[in-house]
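Engineer: Sharing a structure with you now.
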Amino acid sequence: MENKNDQTEINENKEVSSSQKKFNSQFLKGLLDFLKEYSVIGLAIGVIIGQTSKDLVDSLVEGFFMPIVELLVSKEKFESLVFILKGVSFDIGSILSSLITFLIIMTFLYFIVKKIIKNDKFLPKK
């Protein structure tokens, strides 16, 4: 009797395993279709490239452009550059640093986009 119950339980486990595999397969196919349809992979790649580009530009600003600025204004003075109006401090040094970074990123993007537009092979055909 126990042997028959064990056999029934094994068969039920095989059915569950088979239906689970079918569900996993359908889920995986649906997920991949979603990723392709909405270009999620391309977006993820763009985000990764954007982050690494930001890191590169930050290094360029800190390692190249800021030392040039520091030749004109000492680092301590530049970082602590503050405008005070009626007892309220405005941190101009960090704003200028962010502005320099922004301008470099925009210049970098301008040249990349200009290159992409110039070469039609990068743009999708309609």
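Please treat every number below as a calculation from the coordinates, not as lab data. Given the structure is predicted, the values throughout are model-derived calculations rather than measurements.
Engineer: Can you run phi through the Karplus equation (6.51, -1.76, 1.60; θ = phi - 60°) for region 92-100 and list ³J(HN,Hα) in whole Hz, with x for Gly and Pro?
Structural biologist: 5, x, 5, 5, 5, 4, 5, 5, 4
Engineer: Work out, step by step, the length gained on full extension between Gln26 and Ile45: first 0.36 nm times the residue separation, then minus their alpha carbon distance; give nm to one decimal. Each step should come with its number before you reach the end.
Structural biologist: Details: separation 19, 0.36 × 19 = 6.84 nm, distance 2.53 nm.
Full extension from Gln26 to Ile45 adds 4.3 nm.
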